[in-house]
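What follows is a short report on a single structure.
The values are calculated or read from the model by the stated rules, or taken from the named source; none is laboratory data. The structure presented is a predicted model; accordingly, all values stated were derived computationally and were not measured. So basically every Cβ, Gly included, is an ideal-geometry build from the backbone, and we count neighbours across all protein chains shown. To get the accessible areas, we keep the full protein, side chains included, count just its heavy atoms, and leave off ligands, DNA and RNA. Shrake-Rupley method; radii C 1.70, N 1.55, O 1.52, S 1.80 Å.
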Amino acid sequence: MKYWYETLAVAQRILIELGRRRRSLVLWSIFPVSILLINGLILKERANLSTAKAFEVAAPASLVGAALFFSCLGGSVATVVAEREQHTLKRLFISPLSGTSYFLGIFLAHSCIGIGQVILVYTIASCLGAQFQGSILLGCAIILLSIVSYVGVGFILGTQFARRTEDVNSLVAAFGVPLLILGGAFLPTSLFPQSLLELAQYNPIYHMNEALMGVWADGKDLADIAEHFWYLFIFSIAMIAGGWLSYRRMLRVERRL
């Protein structure tokens with residue numbers, strides 16, 4: 001129970017700080033909605049789809065391919081860097097708070113933001129007529145694995161490559177934007193040439209998009225999306241392990257400074 005209470009306390013502190021700086025929360029709400037509307041309108045006009053079907057297709061890519069990327073990956077990188085600059089980690093060493101609870105608290109805080117974006121995107125899509133055909137539980141599992149993957153990558157980037165707040169934007173742009181495009185967040189993968197499709201097989205964002213779109217837009221079950229689901233499952237486990245190891249390494253470095 002000690003770890004549970006400490007994790008909740010860390011997550012609550014981060015969310016309260018974000019709440020006081022309302023600009024970040026407002027922008028994280030505007031961003032997925034704008035991407036959803038743009039993608040939906042493009043699909044409706046260019047693919048000759050009904051409004052409902054266009055937003056059924058646009059919602060998964062707008063959510064896991066764009067919204068969760070910036071809030072869970074970019075947000076976790078920014079949080080780790082800000083905590084280092086504010087010397088929060090230094091205070092951690094002289095407090096009874098465990099490193100495990102601190103790690104889990106940051107993870108939980110950004111997971112809450114991601115879940116809020118999920119609710120926002122799918123509420124708006126539903127209001128525009130979208131109906132989601134597949135298993136809700138399977139769709140939620142894919143979203144959870146996506147959040148886990150993004151936060152894990154965020155910890156790796158934030159602890160190993162970012163030293164100052166100025167580094168966050170360059171890291172997210174350098175690593176993220178090409179992967180988002182290759183993953184189908186801004187362009188449908190049906191437009192990709194064969195060479196890019198083969199390259200996209202190694203991109204976790206591609207598997208997030210394809211899995212969630214298959215379940216909630218096309219009504220597929222686990223057997224139909226098994227390749228995407230299990231790739232994402234293995235990747236998420238690897239990223240959490242990598243994030244934890246990177247975090248422990250950062251603590252050892254900070255302790256010597």
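Pairs meeting the criteria (first residue in segment 125-143 and over 16 Å from residue 223 (Cα atoms), second residue surrounded by 15 or more Cβ atoms within 10 Å (Cβ to Cβ) and of a type in the set (A, V, I, L, M, F, W, C), beta carbons under 6 Å, at least 6 apart or on different chains) are 125/55; 125/59; 128/55; 129/52; 130/52; 130/55; 132/216; 143/118. Each residue in segment 53-103 was checked for being open to solvent by 40 Å² or more (accessible area, probe 1.4 Å), farther than 25 Å from residue 167 by Cβ, modelled with pLDDT under 80 and part of a helix (DSSP H, G or I), and 1 of them qualify.
Within the set 232, 180, 212, the sole residue that is of a type outside the set (Val, Ile, Thr), farther than 28 Å from residue 49 by Cα and either touching a Lys or Arg at 6+ places or on another chain (Cβ under 7 Å) or surrounded by 18 or more Cβ atoms within 10 Å (Cβ to Cβ) (or both) turns out to be 232. Within segment 169-186, the set of residues being modelled with pLDDT under 75 and either outside any helix (DSSP H, G or I) or closer than 24 Å to residue 40 by Cα (or both) is empty.
Contact annotation: residue pairs with Cβ atoms under 8 Å, 6 or more positions apart or on different chains, pairing a residue in segment 220-246 that is basic (Lys, Arg) with a partner that is in a helix (DSSP H, G or I) and crowded, with 19+ Cβ neighbours inside 10 Å, are 220/214. In segment 1-33, of all residues being under 21 Å from the mean Cα position of the chain (by Cα) and surrounded by fewer than 13 Cβ atoms within 10 Å (Cβ to Cβ), the one that is nearest to residue 108 (Cα to Cα) corresponds to 16.
Go through segment 215-229 and report how many residues are open to solvent by 70 Å² or more (accessible area, probe 1.4 Å) and not in a loop (DSSP other than H, G, I, E, B). The number of residues fulfilling the criteria is 1. In the condition set (1) under 19 Å from residue 74 (Cβ atoms); (2) assigned to a helix (DSSP H, G or I); (3) open to solvent by less than 60 Å² (accessible area, probe 1.4 Å), residue 138 is compliant with all but (1).
Condition check ((1) aromatic (Phe, Trp, Tyr); (2) in contact (Cβ under 8 Å) with a residue 60 or more places away in the chain) across all residues:
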residue	(1), (2)
6	no, yes
20	no, no
31	yes, no
38	no, no
42	no, no
51	no, yes
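Within the option set 106, 35, being in a helix (DSSP H, G or I), more than 20 Å from residue 208 (Cα to Cα) and β-branched (Val, Ile, Thr) holds for one residue only, 106.
Kindly provide the set of residues from segment 114-131 that are surrounded by fewer than 20 Cβ atoms within 10 Å (Cβ to Cβ), of a type in the set (S, T, N, Q) and part of a helix (DSSP H, G or I), ordered by number. Listed by number, the residues that qualify are 123, 126.
Open to solvent by less than 20 Å² (accessible area, probe 1.4 Å) and in a helix (DSSP H, G or I): does that describe residue 111?
Working: open to solvent by less than 20 Å² (accessible area, probe 1.4 Å): yes; in a helix (DSSP H, G or I): yes.
It is true that residue 111 is open to solvent by less than 20 Å² (accessible area, probe 1.4 Å) and in a helix (DSSP H, G or I).
Reported count of residues in segment 34-52, each being surrounded by 14 or more Cβ atoms within 10 Å (Cβ to Cβ) and among the polar types (S, T, N, Q), is 2. Residues of segment 190-205 being at pLDDT below 85 and surrounded by 17 or more Cβ atoms within 10 Å (Cβ to Cβ), which ones? Once the filter is applied, which keeps residues that are at pLDDT below 85 and surrounded by 17 or more Cβ atoms within 10 Å (Cβ to Cβ), segment 190-205 yields only 192.
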